Amino acid sequence: KLLEEALREHIRELRLDRFEVSMANVTMVGIGPSRWAITGEDLDTLEAIARVAFPFQPNIHLLNEYVIQPDTIRKGRLSWAVLHNLETLGLKCRTFVSHCWDEPFYEFLQALRDQYVDYARRAFWVCFVANPQSWGKAALDEMLQEYVPFWTAVAECSNVLIVRNRITHIYTRGWCVLELIAAVFHRRMITVVGSCSLHYVLDRDLGHGATCKEESDTEFVQQIVSDVVAEWGISLNELIKPIMDAESGATLHPGDFEHLFPAMTPRQRQAIQRKVYRSRQAYSQDSSSDESS
């Protein structure tokens, strides 16, 4: 009898989780990815929580697992950024931040503070607070059939900030590679901060061999990178090298990349957009089929 009651309670909790995620999905999609931003002041609030939760400096993986996910589960499973701007239906992004989750969190925040005098009020799009981290993979994939959040956010932001770190070469990480491609594709001004990883080596496979935490995400990222590179006729190394060689605080303008590849025709731009969105949709559908089989 106790086991039966426990099973029923577990089923009730699962149904509640699914309902909450479903309602959060409606809200997140309705607001739209370009409004999943957060101010520096709210990031400072997250830092204050982290300093209570950890006796050491966490990286983003730990921050997400032990602070962001539990907090957003308790409050309806929206993303941390949307939760803090719900009354205004989100916050329009101004600066898209590309970074790696292996970096120390407080060092990441300090890089933002050092770069912007208006840090407290500036609207940052940062993946670990912008995306709903407490959702399961199936729910995320359902949303991603309609949106590719980072691509949409880069298109809508004013500029891109790339935060290098001393732990990991950011272009061994798949999503960072795609974010760089998005920044150049959308002709955004790019500012580079932070120190390079001690393991910085530029080789011909850098970028193409970048991985993600989830193996299925790695497959998607590597496929779309290959498709876009082939369509565009660019060299990933030639895109990555200026970012890794830049002095901290340096700004690269769209024109600084134009000599690296042929000018895109309108047909090519449309083809690349289709590849990004259609590949994401096909991946999400395949992933859902795999989980249901």
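The values are calculated or read from the model by the stated rules, or taken from the named source; none is laboratory data. Predicted model only: the values in this text are computed from it and were never measured. Here the Cβ positions follow ideal geometry from the backbone for every residue, glycine too, while neighbour counts run over all protein chains shown. For the accessible areas, the whole protein counts, side chains as well, though only heavy atoms, and no ligand, DNA or RNA atoms are used. Shrake-Rupley method; radii C 1.70, N 1.55, O 1.52, S 1.80 Å.
Annotations for the structure displayed:
- Those residues of the range 101-117 which are open to solvent by 30 Å² or more (accessible area, probe 1.4 Å) and either within 17 Å of V192 (Cβ to Cβ) or free of Cβ contacts under 8 Å to residues at least 40 places away in the same chain (or both), in sequence order: E107, Q110, R113, D114, Q115, V117
- All conditions but one from (1) more than 25 Å from N25 (Cβ to Cβ); (2) open to solvent by less than 10 Å² (accessible area, probe 1.4 Å); (3) in a loop (DSSP other than H, G, I, E, B) apply to A120; the one that does not is (2).
- In the range 50-96, residue modelled with the lowest pLDDT [restricted to those that are of a type in the set (V, I, T) and in contact with an Asp or Glu (Cβ under 9 Å, 6 or more places away or on another chain)]: I73
- Residues in the range 130-159 that are among the aromatic types (F, W, Y) and either at pLDDT 80 or above or open to solvent by less than 40 Å² (accessible area, probe 1.4 Å) (or both): W135, F150, W151.
- For the range 73-84, the set of residues classified as open to solvent by less than 20 Å² (accessible area, probe 1.4 Å) and either over 18 Å from the mean Cα position of the chain (by Cα) or polar (S, T, N, Q) (or both) consists of S79 only.
- Check on E87, among the acidic types (D, E) and crowded, with 18+ Cβ neighbours inside 10 Å: no
- Residues being more than 18 Å from Y106 (Cβ to Cβ) and either without any contact (Cβ under 8 Å) to a residue 12 or more places away in the chain or not in a helix (DSSP H, G or I) (or both) - total across the range 31-69: 3
- Residue satisfying all of: in the range 197-221; open to solvent by less than 10 Å² (accessible area, probe 1.4 Å) and closer than 24 Å to L260 by Cα; modelled with the lowest pLDDT among these: G207
- Odd one out for A183, checked against (1) more than 19 Å from Q273 (Cα to Cα); (2) open to solvent by less than 10 Å² (accessible area, probe 1.4 Å); (3) not in a loop (DSSP other than H, G, I, E, B): (1)
- Number of the exception - I272 against (1) modelled with pLDDT of 60 or more; (2) over 18 Å from V154 (Cβ atoms): (2)
- Restricting T168, T172 to those that are surrounded by fewer than 23 Cβ atoms within 10 Å (Cβ to Cβ), within 30 Å of W232 (Cα to Cα) and free of Cβ contacts under 8 Å to residues at least 40 places away in the same chain reduces the list to T172.
- Qualifying residue in the range 222-230 (condition: in contact with a helix residue (DSSP H, G or I) (Cβ under 7 Å, 6 or more places away or on another chain) and surrounded by fewer than 15 Cβ atoms within 10 Å (Cβ to Cβ)): yes
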